[in-house]
1. With the structure loaded, tell me whether Val21 is touching a Gly at 6+ places or on another chain (Cβ under 6 Å) and within 16 Å of the ligand (Cβ to nearest atom) or whether it fails that test.
2. For residues that are over 16 Å from the mean Cα position of the chain (by Cα) and surrounded by fewer than 17 Cβ atoms within 10 Å (Cβ to Cβ), scanning just the range 48-70, find the one that is farthest from the ligand (Cβ to nearest atom).
3. List every residue pair whose Cβ atoms sit under 9 Å apart, with the two residues 6 or more apart in sequence or on different chains, where the first one lies in the range 223-241 and is closer than 20 Å to Glu71 by Cα and the second, anywhere, is within 8 Å of the ligand (Cβ to nearest atom) and in a helix (DSSP H, G or I).
4. Can you pull out every residue in the range 157-193 that is surrounded by 23 or more Cβ atoms within 10 Å (Cβ to Cβ) and closer than 13 Å to Lys204 by Cβ?
5. Would you be able to tell me the number of residues in the range 187-241 that are away from the ligand (no atom under 14 Å from the Cβ) and of a type in the set (Ser, Thr, Tyr)?
6. Provide a single number: the residues in the range 110-121 that are assigned to a helix (DSSP H, G or I) and within 21 Å of the chain's Cα centre (by Cα).
7. Would you check which residues across the range 138-174 are over 15 Å from the mean Cα position of the chain (by Cα), within 16 Å of the ligand (Cβ to nearest atom) and assigned to a loop (DSSP other than H, G, I, E, B) and list them?
8. Is there a residue in the range 195-210 that is at pLDDT 95 or above and within 13 Å of the chain's Cα centre (by Cα)?
Amino acid sequence: MTQNSLIENEFSYLDENYKRVTFEIEEAAIKSGRNPGDIKLMAVTKTVSPLMINHMISLGVDLIGENKVQELLSKLDFLTKDNLEMHIIGHLQSNKVRKIIDVVSMIQSVDSVSLAREISRQSVLHKKETDILIEVNIGDEEAKTGLPVEMLFDTASEISEMDGIRIKGLMCVPPICDDETTVRKYFEKTRLLNEELKSFLKDKEDISVLSMGMSSDFVSAILEGSTLVRVGSSLFGMRRY
Ligand SMILES: *Cc1c(COP(=O)(O)O)cnc(C)c1O
């Protein structure tokens, strides 16, 4: 046995997690009358080592999400990147945009015009188009990032005029709640907003992504129309900070 396969074997428990999560995604997709292939699985890799991430990639994961620019950059050289897409999903400071503009294919956590303006500026400088999602603070929580819902359409309208940046849809992290009915209401509200946004921007943008659902609620999110689920602990186990 080679050194590498020894290390790989240490992570074989991840296989079970991956199987279970992809099975549950499939089941929920079918239940919601959609094709399982229409729902994208993102592995959320904050606090997870490159070795574990690479094991997940060997199982079939081709999209990872990180919250922090520095953490993503520190792992970059160690990842199997052949088919890998990377997204930023955490609060992003404008002064960090230039560091990741060539690394990520999407920024899911855009919650201000000023951040969008910097993404636009850097994209033009780097001669690329950057896909973004607007993160909405769907529960209207004071301590949370995300754009207040009442500012969504004005903000989207302004961003849609910028060069080098394409709005693809919405992202949300609903309030923590343990009953399914309540969480589904937040997901439904976000889907309806995304549909409104789609018709609002129909001549300018192709709205096709709805990023919602994490380990505890991705099944509910899919039943309410999510097209991209962001799963961390159900894939990798509890995070140790
Ligand atoms: C950490 C994180 C996730 C994944 O959370 P889990 O509950 O571990 O699946 C998803 N989305 C965002 C924005 C996160 O910060």
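1. Judged against the criteria, Val21 is not a match.
2. So the residue we want is Ser58.
3. Between residues of the range 223-241 that are closer than 20 Å to Glu71 by Cα and residues that are within 8 Å of the ligand (Cβ to nearest atom) and in a helix (DSSP H, G or I), the close pairs are Arg230/Phe218; Val231/Phe218; Arg239/Ser233.
4. Within the range 157-193, Ile159, Ile165, Ile167 meet the criteria.
5. 3
6. Going through the range 110-121 one residue at a time, the tally reaches 8.
7. Those that are over 15 Å from the mean Cα position of the chain (by Cα), within 16 Å of the ligand (Cβ to nearest atom) and assigned to a loop (DSSP other than H, G, I, E, B): Ile138, Gly139, Glu141, Ala143, Lys144.
8. So far as the range 195-210 goes, yes, one or more of its residues are at pLDDT 95 or above and within 13 Å of the chain's Cα centre (by Cα).
The values are calculated or read from the model by the stated rules, or taken from the named source; none is laboratory data. All values derive from a computational prediction rather than experimental measurement. Neighbour counts run over all protein chains shown; Cβ positions are idealised from the backbone, glycine included.
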